[in-house]
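Read the structure below first, then the notes.
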Amino acid sequence: MTGPAPDGPVRVLLVDDQHLVRSGFRIILEVEDDIEVVGEAADGERAVAMAAALRPDVVLMDVEMPVLDGLAATRRITGDATGDGPAVLILTTFDRDDYLFAALRAGASGFLLKNGTPEDLVEAVRVVARGEGLIAPALTRRVISTFARPGAAPPDPRHDAATAELTPREREVLALVARGASNAEVAAVLHVGEATVKTHVSRVLAKLGLRDRVQAVIFAYEHGIVRPGG
């Protein structure tokens with residue numbers, strides 16, 4: 001599971017089959033003092049190898065690439081048995097639901113479209129490096145409506161027992177997170193400190209085997225812990 005942002009710059013691996021695109025991303029990111037681009041890959045197979053060798057904090061991943069596509073590469077990178085693999089941020093030109101949902105299922109911590117601003121990209125890298133999930137705001141409603149629709153995506157039966165292990169307070173925290181509350185907002189609602197909220201969120205993710213808040217949101221809707229409009 002990806003943890004908080006590391007001491008020192010956030011280490012980023014750029015993965016895109018277009019050299020000009022990678023160069024543009026590098027220019028945008030390396031202007032920032034807290035971000036360092038540690039490598040580039042032009043296909044998914046190379047990305048998997050470089051992620052293992054360089055151990056970046058964030059992999060910025062395109063979808064459509066030769067040799068191995070970005071979704072398959074994401075599954076291999078996030079499937080690290082140690083749980084210490086990098087966060088994967090999908091960045092694609094294609095506004096397609098199948099790519100979005102497949103990326104989340106593959107373990108991606110974020111999904112952005114390439115028509116965003118440089119500021120969006122920089123903030124997204126920082127967010128996923130902190131261990132928080134991120135989806136472009138325009139896509140969030142589609143994610144919730146799809147994953148919350150009855151029968152749309154059967155819950156993983158392995159999660160049933162894990163859900164039972166959540167304490168009442170942990171279920172409260174999960175429900176608030178699923179409704180989009182920040183740690184500060186959760187703390188205000190529950191009248192506890194932010195450090196306590198962070199501890200609860202970490203325990204929820206660990207018990208449910210989830211990587212980040214994006215997956216926690218999907219889980220909560222799939223399992224009826226929260227419902228659209230509720």
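The values are calculated or read from the model by the stated rules, or taken from the named source; none is laboratory data. Given the structure is predicted, the values throughout are model-derived calculations rather than measurements. Methodologically, a virtual Cβ is constructed for each residue, glycine included, from the backbone with ideal geometry; neighbour enumeration extends over all protein chains shown. We work out accessible area using only protein heavy atoms, side chains counted, and drop any ligands, DNA or RNA first. Shrake-Rupley method; radii C 1.70, N 1.55, O 1.52, S 1.80 Å.
Data for the structure
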quantity	calculated
Matching option when the condition is over 22 Å from residue 108 (Cα atoms) and either modelled with pLDDT of 85 or more or polar (S, T, N, Q) (or both), among 190, 174	190
Neighbours by Cβ (under 6 Å, 6+ apart or cross-chain): first from region 119-130, more than 10 Å from residue 57 (Cβ to Cβ); second open to solvent by less than 10 Å² (accessible area, probe 1.4 Å)	124/89; 124/110
One residue from 129, 164, 181, 195 being farther than 26 Å from residue 94 by Cα and at pLDDT 85 or above	195
Count of residues meeting criterion [modelled with pLDDT of 90 or more and polar (S, T, N, Q)] in region 68-87	1
Complete set of residues in region 100-118 that are in a helix (DSSP H, G or I), out of contact with any helix residue (DSSP H, G or I) (no Cβ under 6 Å at 6 or more places or on another chain) and open to solvent by 20 Å² or more (accessible area, probe 1.4 Å)	101, 105
Residue identified as open to solvent by less than 20 Å² (accessible area, probe 1.4 Å), under 17 Å from residue 22 (Cβ atoms) and not in a helix (DSSP H, G or I) among 56, 66	56
Enumeration of residues in region 202-230 that are open to solvent by 20 Å² or more (accessible area, probe 1.4 Å), aliphatic (A, V, I, L, M) and assigned to a helix (DSSP H, G or I)	206, 217
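So that you can scan it fast, the table gives a plain yes or no per residue for (1) open to solvent by 10 Å² or more (accessible area, probe 1.4 Å); (2) in contact with a strand residue (DSSP E or B) (Cβ under 7 Å, 6 or more places away or on another chain); (3) closer than 18 Å to residue 127 by Cβ:
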| position | (1), (2), (3) |
| --- | --- |
| 36 | yes, yes, yes |
| 45 | yes, no, no |
| 52 | yes, no, no |
| 71 | yes, no, no |
| 74 | no, yes, yes |
| 90 | no, yes, yes |
| 94 | yes, no, no |
